[in-house]
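Before any comments, here is the structure.
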Amino acid sequence: MTNMRVLGIETSCDETGIAIYDDKLGIMAHQLYSQVALHADYGGVVPELASRDHIRKTIPLIEAALADAGCSKDDIDGVAFTAGPGLMGALMVGATIGRSLAFAWDKPAVAVHHMEGHLLAPMLEDDAPAFPFVALLVSGGHTLLVRVDGIGRYQILGESVDDAAGEAFDKTAKLMDLDYPGGPRLAKLAESGTPERFIFPRPMTAKPGLDFSFSGLKTATATAMAEEVAAGRDNQQTRADIAHAFQQAVVDTLAIKCKRALTQTGLNRLVVAGGVSANVSLRAQLSELMTSLNGEAFYPRNEYCTDNGAMIAFAGLQRLKAGDTEPLAVRARPRWPLDELTAV
Ligand SMILES: Nc1ncnc2c1ncn2[C@@H]1O[C@H](COP(=O)(O)OP(=O)(O)OP(=O)(O)O)[C@@H](O)[C@H]1O
Ligand SMILES: [Mg+2]
């Protein structure tokens, strides 16, 4: 059988990610442009600015990726683009460019679900997980526990009823005056925190169930900050201690629910993906959990935790191989439930 090579385009939010993935050779090129600096002054992503910047960056990054991989359009067997969920304008840029390029090159196109991309990212590693497994998807917009029996065979076991885990990190960082994007900065600050000087709740763990709620942890943080300020103890160590308490509460809550999901499904493989899966403390605790359960935890390498084109090229290739192709119309879905995907 000959190999298959796919160009992946990711533009769902504030990163333009382009990659070329070959099912024999692996990742041949990987280009990423982050709009962080563009949105920093606003403290969050401004959708219209995001779309315009994707327009500027997508085609030059595709050209750079082709050059890096030493390929021409004739070496590409298909084009995969993120079609949702995400910001409508931003998605439309990638979908329009992806669909049009495939048409011009006379190659098939495939629309990829952004969270399926995240979910499959650990399969880009040498030590790829086998099906079935439980996946914990923790990103800026999602917190999902999913039973995965194969590509497109997803059963949602639990999700956040309010803020996503990454969103909770970002909002909490903002109220502690950390610069945007705050999640990784808050995690860094937590490293020098004193364990258990502050203890925050582990939301929704007392009752059975696999859903999450993280919005209350913002309030716990704001209250602790206000009390320390009033007591004249607002200093760097106090802030680090509060950051530590916040992170520990999120990590413990995620670990408790993962353990529950594994028990409920009887599975012993855990895949962790999405931006928050880069969190060192979360990885340490989940790996320890999996060792204690005689199971194994799988993560993407750091650069594939947050948004990237490699995961889209990979997911797209799996779907193209199964004959999944996109009609000629340009289609994007800002909301797109993961469990609506078809199995391959
Ligand atoms: N080390 C870290 N610790 C905690 N959070 C982190 C860390 N690194 C990144 N994050 C968080 O990950 C999120 C970004 O991840 P990602 O790019 O997967 O999300 P997104 O694409 O914005 O959302 P979605 O994938 O749900 O559409 C941000 O909320 C960021 O704060
Ligand atoms: Mg993402």
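In the chain, the longest principal axis of the Cα atoms and the axis of helix 165-175 are about 50 degrees apart. Ordered by the count of other Cβ atoms within 10 Å of each Cβ, fewest first, 58, 96, 263 give 263, 96, 58. For the cross-link pairs 174/218; 171/218; 218/259; 207/257, the ones whose C-alpha atoms lie over 18 Å apart are 218/259. Once every Cα of the chain carries one equal point scatterer and solvent is ignored, give the base-10 log of I(q)/I(0) from the Debye formula at q = 0.10, 0.13 Å⁻¹, two decimals. Log-scaled intensity ratios, in q order: -0.59, -0.97.
A straight line joining the Cα centroids of the range 108-162 and the range 18-78 runs 22 Å. Counting every Cα pair in the range 96-160, what percent are over 20 Å apart? The calculated P(r) of the range 96-160 puts 41 percent of pairs beyond 20 Å.
Give the lysines whose C-alpha is closer than 29 Å to that of residue 321, dropping any in the same chain fewer than 8 places away, or say none. Counting by Cα, and skipping residues close in sequence, residue 321 has these lysines nearby: 24, 57, 73, 107.
Stokes-Einstein diffusion for the range 36-192, with the hydrodynamic radius set to the Kirkwood value over Cα pairs and evaluated at 37 °C in a medium of 0.692 mPa s, equals 181 µm²/s.
When every Cα-Cα distance of the range 151-212 is counted in 5 angstrom steps from zero, the calculated P(r) takes the values 4, 14, 17, 20, 18, 14, 9, 4, 1 percent. Within the range 253-344, none of the GluC sites (Glu not before Pro) combine a DSSP coil assignment with at most 16 other C-beta atoms in a 10 angstrom radius. Net charge dipole, the range 297-344: roughly 60 debye, given to the nearest 20, about the Cα centre with Cβ charges of +1 for Lys and Arg and -1 for Asp and Glu.
Computed 3J(HN,Hα) for the range 230-247, one whole-Hz value per residue from the Karplus formula 6.51 cos²θ - 1.76 cosθ + 1.60 where θ = phi - 60°, is 4, 8, x, 10, 7, 9, 4, 5, 4, 4, 5, 5, 5, 4, 4, 5, 5, 4, glycine and proline marked x. Taking every DSSP bridge with both residues inside the chain, close to 60 percent are antiparallel.
Exposure proxy ranking for 32, 144, based on other Cβ atoms within 10 angstrom of each Cβ and starting from the fewest, stands as 32, 144. Normalised by 2.2 N^0.38 Å, where N is the number of residues, the alpha-carbon radius of gyration of the range 10-71 equals 1.26. With the gyration tensor restricted to C-alpha atoms of the range 130-265, the semi-axes of the equivalent ellipsoid amount to 31, 14, 12 Å, longest first. Distances between placed amide hydrogens fall under 5 Å for residue 80 paired with 7, 8, 9, 110, all partners being 5 or more residues away or on another chain.
With respect to the chain, whose longest principal axis is taken over its alpha-carbon atoms, helix 47-69 is tilted by about 60°. Among 10, 196, which comes first, second and so on when ranked by fewest other beta-carbon atoms within 10 Å? Going from sparsest to densest Cβ surroundings: 196, 10.
We did not get these values from a lab; they are worked out from the coordinates using the rules stated. Given the structure is predicted, the values throughout are model-derived calculations rather than measurements. Neighbour counts run over all protein chains shown; Cβ positions are idealised from the backbone, glycine included.
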